[in-house]
Amino acid sequence: LLSAPHGAITVRKSPKKFLHREDQYTAGIALMIGKLCHTSVIANIWLTPDSDPNYHFEDYSLYKQEVRQLVQERGIKWVIDLHGVQKNSPRIGKNHLVDLGTRKGKRSLRPELVDFLKRRINQWLQGEDLVQENGYPAYETRDFISMTAFCHQILGIEAIQIEMKPQVRIPLRRAEGKNGGRASTPKGDIAPVMGMMQALADFVGYLHQVSENCK
């Protein structure tokens, strides 16, 4: 299951109300890869004024409730939770483009699968050390639970949180158009975006293969 909980603006009401901005293109990436790879997808594509799917617990999150239903009905074994992160995030090294959150020592995804994904990302982005782990560990506290922690800890399936910098997820940047309208302008080199999507597609394909071999 590909997931994009921040594909649109969400609202966190605990401990105080504030907006979580859209992680641009994460929903589009999830939907496109889902279509190409024939796999399940859930994405937040409208303003969610009453909850944040990657923050609130299941009883306050329709998104998490839907994920539970999809897991049960479709026999989902893995959840790939897509997020966007700022270019200069202090949690990710300057030379890294992607962070893989696996709950640190709790290992929400087995190491061999993490290694496969890292190799594919480095290969398609043409680098040797572009991926780090657990800058954003996808953890949980008494006040909130990430989607990855929810899937792993509550639903009992493997999951990973993938944080992507703008260079590998934004092909077009929004800009103010004439008369106050919105326009799209080229970001520049879209090869890293295509490379990231190919790496994700390879990973989904590999998981399908692993699933078939386990039957």
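Quick check on the range 117-125. Is at least one of its residues open to solvent by 10 Å² or more (accessible area, probe 1.4 Å), aromatic (Phe, Trp, Tyr) and under 17 Å from the mean Cα position of the chain (by Cα)? Let's see the steps before the verdict.
In the first step, residues of the range 117-125 are kept if they are open to solvent by 10 Å² or more (accessible area, probe 1.4 Å); the result is 118-120, 122-125.
Filter once more, keeping what is aromatic (Phe, Trp, Tyr): 124.
Subset that is under 17 Å from the mean Cα position of the chain (by Cα): none.
Checked the range 117-125: no residue is open to solvent by 10 Å² or more (accessible area, probe 1.4 Å), aromatic (Phe, Trp, Tyr) and under 17 Å from the mean Cα position of the chain (by Cα).
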If I ask for residues that are under 18 Å from the mean Cα position of the chain (by Cα), part of a loop (DSSP other than H, G, I, E, B) and free of Cβ contacts under 8 Å to residues at least 60 places away in the same chain, which ones from the range 44-87 would you list?
44, 45, 46, 47, 51, 52, 61
Would you point out the residue of the range 1-43, among those that are assigned to a strand (DSSP E or B) and at pLDDT 95 or above, that is nearest to residue 168 (Cα to Cα)?
4
Restricting to the range 154-174, what's the tally of residues that are buried (at least 18 other Cβ atoms within 10 Å of the Cβ) and in a strand (DSSP E or B)?
7
Would you check if residue 148 is open to solvent by less than 20 Å² (accessible area, probe 1.4 Å), closer than 22 Å to residue 24 by Cβ and among the hydroxyl-bearing types (Ser, Thr, Tyr)?
yes
Select from the range 26-75 the residues that are open to solvent by less than 70 Å² (accessible area, probe 1.4 Å) and of a type in the set (Ser, Thr, Tyr) and list them in ascending order.
26, 39, 40, 48, 51, 55, 61, 63
Six or more apart or on different chains, Cβ atoms under 6 Å: show the pairs whose first residue is in the range 118-142 and aliphatic (A, V, I, L, M) and whose second is part of a helix (DSSP H, G or I).
121/199; 125/192; 125/195; 130/122; 131/118; 131/121; 138/148; 138/149
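The values are calculated or read from the model by the stated rules, or taken from the named source; none is laboratory data. The model shown is predicted, which means the values in this text are computed figures rather than measured ones. Cβ sites come from the backbone with ideal geometry, for glycine too, and all protein chains shown count toward neighbours. With ligands, DNA and RNA removed, areas are computed over all heavy atoms of the protein, side chains included. Shrake-Rupley method; radii C 1.70, N 1.55, O 1.52, S 1.80 Å.
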